[in-house]
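Structure, as structure tokens:
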Amino acid sequence: MDNLREIVLDQVKLGGACACGIATKETLAGGPESTDLAKVLPGAKSAVSFAYPLDTEAIDLFISKKDRRLHERNNIDVNLLASGGALNLAGYLEMKGYRSFPVIANNYYRTDTPGGALDMMPDISQRYLAVRSGVGYFGLSGNVIIPKEGAAVILGAVVTTAELEPTEPLPPEDNYCDNCRLCMASCASGMMDKEDKVTVTLGGIDFEYSKRRSYLRCEYVCGGFTGLHQSGKWSTWSPGRFPIPEKDEEFLPALMNGLANYSQWPDMGGGYYHVLSPHKMFLTCGNCQLVCHPDLEERKRRHRLLTESGVVVQNEDGSLEAVQQEEAKQRMEGLPQERRALYEMV
Ligand code: B12
Ligand code: SF4
Ligand code: SF4
């Protein structure tokens with residue numbers, strides 16, 4: 001079995017993963033429901049967890065609002081790589097005689113919770129597998145951060161009946177997260193609670209990250225319906241200007257209003273389909289993940305790129321352009337009332 005464990009870890013690395021590890025039924029014991037390996041595979045004993053890096057040049061262009069599509073393309077590709085890598089490894093383990101389940105990298109939710117898929121609860125949480133198996137740490141943002149690559153990774157996993165020996169969590173004293181809070185400063189939605197944290201215990205070890213406020217906050221902003229930061233000085237890649245409510249319970253109506261308008265915007269190019277949206281979606285944020293580099297100076301630089309690159313407006317042909325706050329205001333005021341109302345309250 002030891003040999004199989006080494007082959008599995010090597011296989012994942014040869015496939016381009018920057019980090020990998022193994023969690024087991026025992027090391028995940030006591031965790032939230034999304035750590036129950038048997039939920040996806042009865043008789044499962046362990047899970048292989050891994051991370052693939054996102055392209056840093058594409059991140060720079062995205063965060064400085066020079067090019068949206070390059071990072072969106074890379075994000076889609078790396079997600080496909082993570083899902084495909086999982087399928088490939090699961091196939092290998094199956095051929096070795098162990099039933100195995102490839103976890104889909106993202107956008108796949110349980111349907112047996114009260115709100116169904118709308119609750120956005122995963123069958124298996126990749127983040128929990130990753131922190132418990134030493135692939136990375138929890139950053140304050142709740143993103144998994146890797147010592148060299150930071151948070152800009154896509155996680156993958158395979159659940160298997162093979163009894164693989166677990167790898168250890170990384171030493172907490174080496175976690176680079178220093179509570180700089182640039183993840184929160186880069187978030188227009190306020191999804192990460194600024195004060196409260198949650199602790200999850202996995203196999204007797206505690207892991208901590210910021211409490212999530214309503215997920216709808218991130219869906220509203222990262223989903224692309226709106227994106228202007230409350231300072232008015234910078235935005236995500238969304239050209240929407242709809243206000244970001246204060247209270248969690250105000251997000252559902254805001255999201256519904258956003259959706260009705262969003263569907264009438266000209267196509268900005270690229271995009272992807274998401275099961276919870278009747279329309280094509282576009283990647284417009286991810287800032288909490290993209291700013292979080294291991295080096296504090298680099299984190300600050302990325303935060304500056306984001307906050308000094310202005311506000312995105314949409315041209316009639318669908319193209320997006322980042323301009324300074326004043327110019328954005330003038331452009332919006334110059335739009336025919338009907339078009340302007342697609343982007344902001346008038
Ligand atoms: C649902 C989901 C979302 C939701 C909810 C996020 C969340 N839970 O924090 C939304 C849409 C908001 C979201 C946003 C983002 N996501 Co997302 N998302 C997922 C998904 C599918 C599951 C997340 C998860 O593990 N939730 C469980 C825990 C971590 O959430 P929690 O709220 O803290 O859970 C609490 C309770 O709900 C309870 N609980 C936990 N599990 C369960 C299960 C049940 C049934 C119940 C009842 C309760 C319960 O315990 C917790 C403590 O109280 C994963 C893919 C996957 N299958 O793992 C990707 C994933 C986490 N997302 C990812 C990314 C990158 C993002 C974004 C950056 C968006 C983007 N542009 O890509 C943002 C980051 C926001 C942030 N700061 O966390 C990456 C993260 C990579 C990394 N480095 O960590 C993942 C791992 C996808 C991937 N394969 O790489 N995401
Ligand atoms: S941006 Fe700063 S506070 Fe947020 S997770 Fe990264 S290192 Fe931690
Ligand atoms: S992806 Fe964007 S909106 Fe969602 S939590 Fe991160 S910064 Fe906030």
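The values are calculated or read from the model by the stated rules, or taken from the named source; none is laboratory data. Predicted model only: the values in this text are computed from it and were never measured. So basically every Cβ, Gly included, is an ideal-geometry build from the backbone, and we count neighbours across all protein chains shown. All accessible areas refer to the heavy atoms of the entire protein, side chains included, with ligands and DNA or RNA removed. Shrake-Rupley method; radii C 1.70, N 1.55, O 1.52, S 1.80 Å.
When the range 99-130 is examined, which residues are found to be more than 9 Å from ligand 1 (Cβ to nearest atom) and either touching an Asp or Glu at 6+ places or on another chain (Cβ under 7 Å) or part of a helix (DSSP H, G or I) (or both)? Ser100, Gly116, Ala117, Leu118 - these are the residues of the range 99-130 that are more than 9 Å from ligand 1 (Cβ to nearest atom) and either touching an Asp or Glu at 6+ places or on another chain (Cβ under 7 Å) or part of a helix (DSSP H, G or I) (or both).
Give the residue, chosen from Glu163, Glu149, that is of a type in the set (D, E, K, R), within 25 Å of Arg299 (Cα to Cα) and more than 15 Å from ligand 3 (Cβ to nearest atom). If you could, list the steps in order and put the result at the bottom.
Details: Glu163 fails: within 25 Å of Arg299 (Cα to Cα).
Only one candidate qualifies: Glu149.
Can you find even one residue in the range 117-132 that is acidic (Asp, Glu), open to solvent by less than 40 Å² (accessible area, probe 1.4 Å) and either within 16 Å of ligand 3 (Cβ to nearest atom) or touching a strand residue (DSSP E or B) at 6+ places or on another chain (Cβ under 6 Å) (or both)? For the range 117-132, residues acidic (Asp, Glu), open to solvent by less than 40 Å² (accessible area, probe 1.4 Å) and either within 16 Å of ligand 3 (Cβ to nearest atom) or touching a strand residue (DSSP E or B) at 6+ places or on another chain (Cβ under 6 Å) (or both): absent.
Evaluating Leu296 against the criteria (1) open to solvent by 20 Å² or more (accessible area, probe 1.4 Å); (2) in contact (Cβ under 8 Å) with a residue 24 or more places away in the chain; (3) closer than 24 Å to Arg73 by Cβ leaves one unmet condition, (3).
Within the range 136-150, the residues that satisfy the criterion of being part of a loop (DSSP other than H, G, I, E, B) and either surrounded by fewer than 24 Cβ atoms within 10 Å (Cβ to Cβ) or more than 6 Å from ligand 1 (Cβ to nearest atom) (or both) are Gly136, Gly139, Leu140, Gly142, Pro147, Lys148, Glu149.
Give the range 163-190 a look and list any residue that's free of Cβ contacts under 8 Å to residues at least 40 places away in the same chain and within 16 Å of ligand 2 (Cβ to nearest atom), or say none. Hits for the range 163-190 are Leu170, Pro172, Glu173, Asp174, Asn175, Asn179.
Quick one: which of Ser238, Ser231 is away from ligand 2 (no atom under 15 Å from the Cβ), under 19 Å from the mean Cα position of the chain (by Cα) and not basic (Lys, Arg)? Spell out the reasoning first.
On the way: Ser231 fails: under 19 Å from the mean Cα position of the chain (by Cα).
Sole residue among the options that is away from ligand 2 (no atom under 15 Å from the Cβ), under 19 Å from the mean Cα position of the chain (by Cα) and not basic (Lys, Arg): Ser238.
For the range 212-245, taking the residues that are charged (D, E, K, R) and open to solvent by 40 Å² or more (accessible area, probe 1.4 Å), the one that is farthest from ligand 3 (Cβ to nearest atom) is identified as Lys233. All conditions in (1) touching a strand residue (DSSP E or B) at 6+ places or on another chain (Cβ under 7 Å); (2) open to solvent by 50 Å² or more (accessible area, probe 1.4 Å); (3) more than 16 Å from ligand 1 (Cβ to nearest atom) hold for Val311, with the sole exception of (2). Would you confirm, using the coordinates I've provided, whether Ala51 is under 26 Å from His274 (Cβ atoms), touching a strand residue (DSSP E or B) at 6+ places or on another chain (Cβ under 8 Å) and crowded, with 18+ Cβ neighbours inside 10 Å? The answer is yes for Ala51. Residues in the range 278-304 that are within 15 Å of ligand 3 (Cβ to nearest atom) and either over 20 Å from the mean Cα position of the chain (by Cα) or among the hydroxyl-bearing types (Ser, Thr, Tyr) (or both): Thr284 only.
Just wondering, is there one or more residues in the range 179-195 that are away from ligand 3 (no atom under 15 Å from the Cβ), part of a loop (DSSP other than H, G, I, E, B) and open to solvent by 50 Å² or more (accessible area, probe 1.4 Å)? Full working, then the answer.
Here is the first cut: in the range 179-195, the ones away from ligand 3 (no atom under 15 Å from the Cβ) are 179, 195.
Cutting the leftovers down to part of a loop (DSSP other than H, G, I, E, B) gives us 179.
After this cut, where a residue has to be open to solvent by 50 Å² or more (accessible area, probe 1.4 Å) as well, the list is 179.
Yes, there is a match, as at least one residue in the range 179-195 is away from ligand 3 (no atom under 15 Å from the Cβ), part of a loop (DSSP other than H, G, I, E, B) and open to solvent by 50 Å² or more (accessible area, probe 1.4 Å).
The number of residues in the range 91-116 that are out of contact with any strand residue (DSSP E or B) (no Cβ under 8 Å at 6 or more places or on another chain), β-branched (Val, Ile, Thr) and closer than 18 Å to Val12 by Cβ comes to 1. From Asp295, Asp267, which residue is within 20 Å of Glu57 (Cα to Cα) and more than 16 Å from ligand 1 (Cβ to nearest atom)? Exactly one of Asp295, Asp267 is within 20 Å of Glu57 (Cα to Cα) and more than 16 Å from ligand 1 (Cβ to nearest atom), namely Asp295. Only a single criterion out of (1) within 23 Å of the chain's Cα centre (by Cα); (2) away from ligand 3 (no atom under 16 Å from the Cβ) is not satisfied by Val323, namely (1).
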